[in-house]
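**Q** One structure coming up, written as structure tokens, with questions to follow.
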Amino acid sequence: MVSQAASSVTVSNPLPRAALALANVQYEKKASIAYVTVNRPKVLNALNTPTWTDLKAAFEDAKADTSIHGVILTGAGNKAFIAGADISELAHVGAFDAEESSRFGQGVLDLIENLGKPVIAAINGFALGGGCETAMACTIRIAAEHARFGQPEVKLGLLPGGGGTQRLPRLVGKGRALQLILTGETITAQEAYRIGLVNEIVPAANLIARAETILTQISANAPIAVKFSLQAANKGMDTSQAEGFALEASYFGICAATEDKKEGTSAFLEKRAPRFQGQ
């Protein structure tokens, strides 16, 4: 059953943006951080088409809002981040609609991965199937101690359709990824950390605070440099190392022409904190 919780948006732009009317996602902004919470706790925050659409709208807004420097993505309740696809919807999808659904979900996760701003997944429980794929699209993954991860699609006669066959090998290596995908097994947060699927494990009570601390550290740096660092790493993963070096050098040159570079180097030489303006 779909939760109909209203979204809450606090806008800090000089020109107010219209509040988003989202049924399945809570969306709010505090200072320079946007908080996106999948809000279907009765079905462990399972992803259906309306929820994918809400996620797309929330992240498009966060991308467009220049006052937002980072995003925290989590799930409502204390049992699940996102427990996967909504099986009640998936059971009735035919071949054509399944491919279209896969492409749409991939597009939403590509938006998250290439937002130009850091996105931290605060994984507060089950991250299975599409939930694991959503976490992998984020810049950094912080897991609660009781979190669980897996790609169990083969148990439903399917394969991961939200980028899991592509992102998981890039994160943990082909062998480990195929073991998870082909067995459909669920692993603990501790095992996910060991294989490099998550960055940190923290007590559940500290999950959001730790994500906020990381985003605060990142937002103290030059915004343009952060944006191009993200782009260089993301695009470089899809090229040869030589092409990645060329891409890196190009972005390095762009950053060298910014006011932030002048400010950063001047502040270092003058032994003071920099005052970056994103220019």
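**Q** Using a Gaussian network for the chain with springs between C-alpha atoms less than 10 Å apart, which of these wobbles most: Val154, Val198, Val71?
**A** In this elastic network of the chain, the residue with the biggest mean-square fluctuation among Val154, Val198, Val71 is Val154.
**Q** So which of Lys30/Lys271; Lys30/Lys117; Lys56/Lys261; Lys174/Lys235; Lys29/Lys262; Lys30/Lys261 end up more than 26 Å apart by C-alpha?
**A** Lys30/Lys271; Lys56/Lys261; Lys29/Lys262; Lys30/Lys261, as the Cα separations exceed 26 Å there.
**Q** With just the Cα atoms defining each centre, how far is the stretch 225-267 from the stretch 151-169? Give it in Å.
**A** Centre-to-centre distance over Cα atoms comes out at 32 Å.
**Q** Going by average Cβ density within 10 Å per residue, which order do the peptides 253-260, 105-112 take, highest to lowest?
**A** 105-112, 253-260
**Q** Also: With +1 on each Lys and Arg Cβ and -1 on each Asp and Glu Cβ, how big is the dipole of the chain about its Cα centre, in debye rounded to the nearest 20?
**A** Using Cβ point charges on Lys, Arg, Asp and Glu, the chain gives about 620 debye.
**Q** Under a 5 Å amide H to amide H cut-off, with H placed in plane at 1.01 Å, what residues pair with Ile123 once short-range neighbours are removed?
**A** The list, which skips near neighbours in sequence, is Ile142, Ala143, Ala144.
We did not get these values from a lab; they are worked out from the coordinates using the rules stated. Computed from a prediction, not measured in an experiment: that's the story for all the values here. Every residue, glycine among them, receives a Cβ derived from its backbone with ideal geometry; neighbour counts consider all protein chains shown.
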